[in-house]
1. According to a simple spin-label model (label point 7 Å from Cα along Cα-to-Cβ), what is the distance in nm between Lys224 and Arg78?
2. Taking 0.36 nm per intervening residue step and subtracting the Cα-Cα distance, what contour gain separates Arg120 from Lys197 on full extension?
3. Pairs Lys152/Lys235; Lys139/Lys232; Lys139/Lys228; Lys145/Lys227; Lys173/Lys235; Lys132/Lys173: which exceed 26 Å Cα-Cα?
4. What is the Cα coordinate range of region 113-171 on the first, second and third principal axes, sorted by size from largest, in whole angstrom?
5. First measure r as the distance between the Cβ atoms of Ala206 and Lys154, then evaluate 1/(1 + (r/R0)^6) with R0 = 41 Å and state the FRET efficiency to the nearest 0.05.
6. Neighbour counts of other C-beta atoms within 10 Å: give me Phe95, Phe183, Phe125 arranged from fewest to most.
7. Averaged over all directions, how much area does the convex hull of the C-alpha atoms of region 84-186 cover when projected, in nm²?
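Please treat every number below as a calculation from the coordinates, not as lab data. Since the structure is predicted, the reported quantities are computational estimates derived from the model, not experimental observations. As a convention, Cβ positions derive from the backbone with ideal geometry for all residues, glycine included, and neighbour counts pool all protein chains shown.
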Amino acid sequence: MDDAMDSACSFSGDTLELEDKSEGEIRNDLSVPDLSAVSFEELQPLIKRIGLKVYKEAVFGLDRKKPNRNFTRDNKNRPREMTAKQQVPVYREVFQAKRKVKQDPRFDARSGDYNERAFRESYSFVNDIRSKERQELVKMVQQEKDPQQRMKLKGLLQKMENQEATEKMKSLKARLDDQYSQFLADNRESKPLFLNKTARRKIELAERFKLLKKAGRLDKYLEKRRKKNVQKERKRLPLSVA
């Protein structure tokens, strides 16, 4: 018991002795007492006063940095030896894998300019496939018993009919353009008559009426146009004042 008290007093005295010294004296003093048995609580005032760095130098010795090693190759054919303890730079270049860009041949410049006429002639078989699908869809609408499913099929059928009508109008315009180009070629010597947009529109409308009449849908088309014109006229009328 007495020995423990004496050792504690001696440690406390050594600690107080270090506290009275300055940083320079502690750095130059090599006879630093052994503080391994001193409690952490007793060392806190000393560390707070002289600093953790000076305390470590006094207790553990001076921090001697290793000299920079010059990595050289004994033989030029050997791989270069380099240290792995290098700080990673904040801004570093990361080589990522190149992102694969999907190429659409329809919009690729290497495919050449888009020629609608050539495209329509090359894929004319698609219209035949659509016509067969439309006929099958008509049969499905007639056989369907569920009202909701039947409405969906009717909507799909109407969409296909609209697409077919649009394709027919495009073909009609292309045919009229060919006829007009042929007319200009035949009358190259004389002064040709150039058609404006209004005249072209009238010719296209007349040809469209012929096609609708041939298909037996002219009356339905005229009734639809009449209702559309009535709606336009109603929007133009002023609102009635209550």
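1. 8.8 nm
2. Value of the extension gain: 25.3 nm.
3. Beyond 26 Å: Lys152/Lys235; Lys139/Lys232; Lys139/Lys228; Lys145/Lys227; Lys173/Lys235.
4. So the extents along the principal axes, rounded to whole Å, are 48, 17, 15.
5. 0.85
6. Final ranking by Cβ density, sparse to dense: Phe95, Phe125, Phe183.
7. If I average the Cα hull's projected area over directions, I get 16.4 nm².
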